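Novice: Okay, here's the structure, questions in a sec.
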């Protein structure tokens, strides 16, 4: 049993230019040159009434930035709804508690009120979409003229970086979290500005210092949901944006998919639409690289969910599509969101067997389900993520909330059968180098791009220092204690290291052959309760005799994972493209998986393995506790001897030990979440047996009433399943050995 430290808290081979593209990848940071920064928590994928969410922007921002009523307040927040269009006036608020003088509460009208019924049809631009009285507004207009203004206003009020992104409806695929931040939150927003500006009607009451015009143009040009051909203009006129979506050096008007009226690619539906759509999305990457190389990001979201890529539809992403994106724009397409939101839904992450129909065939999410809340591309040791890292790519792991609603419950209930709020359960901790100055969107995007980021669920940890240093015989020798000291100082100060011969997440350490690599990890497992409303014992752990409250999880172990780097795959080569096995070959009815033997060579890295598991067990624990800056930290070190080939190391950790029935295998790998998905009651396997007197509100002390019942027994599912099964993942540290493979994605 672990030492009990309580806590508080994507073949398509498009023309690629790997050599030139990688020169733009995230640079290796040289020792002594880092701008000081801190790890700050945020979320970039969530929804409001601007798309298909249940609450206003104002209410969501209040929920996710507050540190009292909802104590999970985030340090930064990107509000990002679906592309396409929407019918609701999302500048309106639910009640007077959310109003500001610029956006007052209007009796009888709220965030479900339509644009047509609030501002009138004449104010809605572009091609007419929808029918009276529910005419839709294209998202390009709502972002450009309404949503950005609200968010800038709220950012000023909160004195926090609250800015605008989008969950794009992806041509050729499903969804992606993205933004173009150019124009957003410029320097004048440093000083809060006034309230209502007369004459700025009917679309809002605040004149912004910045703008989201670049993001709005991207939405018009490249989002699959945007079928408007107006060029961003007033209906039937040439008054407006007059956007042209051309990309320098591309076919543009010579492309068969080009619509001359719209001045953009609009692939025809039917056979081949997926292939053509993917090519359009690669053009989107090129547009971003050409116009906003440092002011944009593109992170495919819940990318396993919609099943494998469909050349005749718009479904998922195979590994080749991820390679194509990263080849086309490495400063933009630098990761994936493989730890999805919707963590409390009946099927965790909304991943499920027979989720979609492709060419008339019921098709599963890739992997069939999540694994410890993470999609198979990220969760499978030696799988897609390791394959990408094994090329030496700058391709990072991210998580999100994907907030829409609470399912069976209202937005203010702590229980959920659908989603968690941003920051409540999952969050990204990103190193943002702002030198103590106000956090700004550019610095946050810069931080995400570097890969110096770790993702957690359930507040399993809230500090991480992950350090690799080179040690040589003689004067170049480093002791374990010296590297641990660097890591302890970094973790206790919530920052990273800036030391010659050392590197951290998203960086590469260049060493001579024969060097020893000293890897030190220091984490903070926060004291007291996390943000779970449940105080009863974790039903999963009760199976193995551990009584641990759901709201007070304890870090059980950390795995140090290593894989070898062999260089970029060549577009068109046999090992460049490959679909992850469909579940007739991958996932058995009993939840077991076939293993990497059935996975195509393009989508795996067989060199990846756990080289060390740290824990507090046994007579000589492999981690020890240390006090620093009034924090109780766990420190651990491992030496990799005499390296001769380029490689990477990364971390994962959990509150669950190995061999927890229906949760982890004998090696501690996460098992399929089929066993706790209420979408199939026949698979539910973990009983929830604790009775209690308080089953509503907070401090719920017994198995809640919303759990599914099988043969008279409540079973673990929904939010209880999520709070029971917690994981964190770090991004890798690359080690490039002179004379071996170059880690080309990190300079």
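Novice: Along each of the three principal axes of the Cα atoms of the stretch 579-685, give the extent in whole Å, ordering the values from largest to smallest.
Specialist: Its Cα atoms span 49, 39, 26 Å along the three principal axes.
Novice: Based on the Cβ-Cβ distance from residue 437 to residue 480, what FRET efficiency comes out when R0 is 51 Å, to the nearest 0.05?
Specialist: After rounding to 0.05, the efficiency reads 0.90.
Novice: In addition: Relative contact order for the stretch 223-270 using alpha-carbon pairs under 8 Å, separation at least 6, rounded to a whole percent?
Specialist: 31 percent
Novice: Once both labels are modelled 7 Å past Cα along the beta-carbon direction, what's the residue 234-residue 584 spacing in nm?
Specialist: Taking the simple label geometry, residue 234 and residue 584 are separated by 5.8 nm.
Novice: How would you rank 375-381, 638-644, highest first, on the average number of other Cβ atoms within 10 Å across their residues?
Specialist: The peptides rank, most packed first, as 375-381, 638-644.
Novice: Distance between Cα centroids, the stretch 553-597 to the stretch 278-336: provide it in whole Å.
Specialist: What the calculation gives is 20 Å, centre to centre.
Novice: With a cut-off of 8 Å between alpha carbons and a minimum separation of six or more residues, what is the relative contact order of the stretch 341-394 in percent?
Specialist: 21 percent.
Novice: Which of 560, 596 comes first, and how do the rest follow, when ranked by fewest Cβ neighbours within 10 Å?
Specialist: In increasing order of surrounding Cβ atoms, one gets 596, 560.
Novice: Can I ask one more? Taking the alpha-carbon centroid of each part, what is the distance from the stretch 609-660 to the stretch 480-519 in angstrom?
Specialist: Each part reduced to its Cα centre gives a spacing of 14 Å.
Novice: A further question on this structure: If you take log10 I(q)/I(0) by the Debye sum over Cα atoms at q = 0.08, 0.09, 0.11 Å⁻¹ from the coordinates, which of [x] -0.82, -0.95, -1.22; [y] -0.66, -0.86, -1.35; [z] -0.61, -0.78, -1.21 do you get?
Specialist: [z]
Novice: In addition: So if we plug the beta-carbon distance of residue 227 and residue 512 into 1/(1 + (r/R0)^6) with R0 = 41 Å, what FRET efficiency do we get, rounded to 0.05?
Specialist: 0.10
Novice: Could you please rank 361, 106, placing first whichever residue has the fewest other Cβ atoms within 10 Å of its Cβ?
Specialist: Listing 361, 106 from fewest to most nearby Cβ atoms yields 361, 106.
Novice: Per 5 Å bin, what is the whole-percent P(r) computed from every C-alpha pair distance within the stretch 573-633?
Specialist: Reading the bins upward from 0: 4, 13, 13, 12, 11, 9, 9, 10, 10, 7, 1.
Novice: How large is the helix-only mean residue ellipticity at 222 nm for the chain, computed as the sum of -39500 (n - 2.57) over DSSP H runs with n ≥ 4, divided by its residue count, in deg cm²/dmol to the nearest 500?
Specialist: That comes out to -4000 deg cm²/dmol.
Novice: Can you put 67, 569, 38 in order, fewest other beta carbons within 10 Å first?
Specialist: Sorted ascending by nearby Cβ count, the order is 67, 38, 569.
Novice: Further, regarding this structure: Output the peptides 526-538, 276-288 sorted from most to least packed, where packing is the average of other Cβ atoms within 10 Å over each peptide's residues.
Specialist: Sorting 526-538, 276-288 by mean packing, highest first, produces 276-288, 526-538.
Novice: Counting only C-alpha contacts under 8 Å and six or more residues apart, can you give the relative contact order of the stretch 601-653 as a whole percent?
Specialist: Taking the mean separation of contacting Cα pairs over the length of the stretch 601-653, I get 19 percent.
Throughout, read-outs are computed from the coordinates displayed, never taken from laboratory work. Note that the coordinates shown come from a computational prediction; the quantities given were computed from them, not determined experimentally. So basically every Cβ, Gly included, is an ideal-geometry build from the backbone, and we count neighbours across all protein chains shown.
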